[in-house]
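Let me begin by presenting the structure, written as structure tokens, before commenting on it.
The values are calculated or read from the model by the stated rules, or taken from the named source; none is laboratory data. These numbers were taken from a predicted model, which means no experiment stands behind them. Note that each Cβ is placed from the backbone with ideal geometry, even for glycine, and that neighbours are counted across all protein chains shown.
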Amino acid sequence: MIRGVRGAITVSADQPEEVLQETRRLVLEMARENKIEPDHVASVIISTTTDISSAFPAKAVRTIEEWNFVPVMCTHEMDVPGSMPLCIRVMMHVNTELSQKEIHHVYLNEATKLRPDLTAKSQVSST
């Protein structure tokens with residue numbers, strides 16, 4: 001069964017090193033939380049808010065050992081007034097036996113404010 005695994009993280013500035021570092025951190029945490037191996041991943045879509053343009057976040061995924069063959073695509077998020085700035089979102093399509101409610105969606109840094117319902121669930125299950 002293919003399931004979607006969501007994640008989001010914010011950066012403090014649109015700097016290439018930080019965009020790549022935080023994207024890598026998010027993807028690795030999503031994989032760890034859901035016991036995802038690269039061969040389980042059908043594809044990854046990464047979106048950024050329009051204020052991030054210094055680097056392709058997909059590059060961070062391709063540099064993770066054994067993830068270089070995973071299809072990854074970048075795009076920009078809708079530019080909605082008042083939305084969270086400097087945000088990177090990841091949608092991983094993963095072959096898994098986990099049910100929808102067993103999936104751990106990962107929100108880091110200021111992005112925890114996007115889905116406090118899922119962040120609280122993750123914190124409860126990890127204690």
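If you go through the range 17-76 and keep only what is surrounded by fewer than 18 Cβ atoms within 10 Å (Cβ to Cβ), assigned to a helix (DSSP H, G or I) and among the polar types (S, T, N, Q), you end up with just GLN21. The set of residues in the range 64-90 that are touching a Ser or Thr at 6+ places or on another chain (Cβ under 8 Å), on the phi < 0 side of the Ramachandran plot and of a type in the set (A, V, I, L, M) comprises VAL70, VAL72, MET73, MET84, ILE88, VAL90.
The residues of the range 84-119 that are part of a loop (DSSP other than H, G, I, E, B) and either touching a Pro at 6+ places or on another chain (Cβ under 8 Å) or surrounded by 13 or more Cβ atoms within 10 Å (Cβ to Cβ) (or both), listed by number, are MET84, PRO85, LEU86, THR96, LEU98, ILE103, HIS104, HIS105, LEU108, LEU114, ARG115.
Would you mind telling me which numbered condition in (1) more than 17 Å from GLY7 (Cα to Cα); (2) at pLDDT 95 or above GLU65 fails? Condition not satisfied by GLU65: (2). Inspect all residues belonging to the range 32-46 and state whether any of them is small (Gly, Ala, Ser) and within 21 Å of PRO16 (Cα to Cα). Checked against the condition, which is being small (Gly, Ala, Ser) and within 21 Å of PRO16 (Cα to Cα), the range 32-46 yields no hits at all.
Quick grid of which residues meet (1) at pLDDT 95 or above; (2) in contact with a helix residue (DSSP H, G or I) (Cβ under 9 Å, 6 or more places away or on another chain); (3) more than 14 Å from LEU26 (Cβ to Cβ):
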site: VAL72; (1), (2), (3): yes, yes, no
site: VAL80; (1), (2), (3): no, no, yes
site: ILE88; (1), (2), (3): yes, yes, no
site: LEU114; (1), (2), (3): no, no, no
site: THR119; (1), (2), (3): no, yes, no
site: THR127; (1), (2), (3): no, no, yes
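The set of residues from the range 11-24 being in contact (Cβ under 8 Å) with a residue 40 or more places away in the chain, under 17 Å from LYS59 (Cα atoms) and in contact with a helix residue (DSSP H, G or I) (Cβ under 9 Å, 6 or more places away or on another chain) comprises VAL11, VAL19, LEU20, GLU22, THR23, ARG24. Within the range 32-41, the residues that satisfy the criterion of being in contact (Cβ under 8 Å) with a residue 40 or more places away in the chain and either among the acidic types (Asp, Glu) or under 13 Å from TRP67 (Cβ atoms) (or both) are GLU33, ILE36, HIS40, VAL41.
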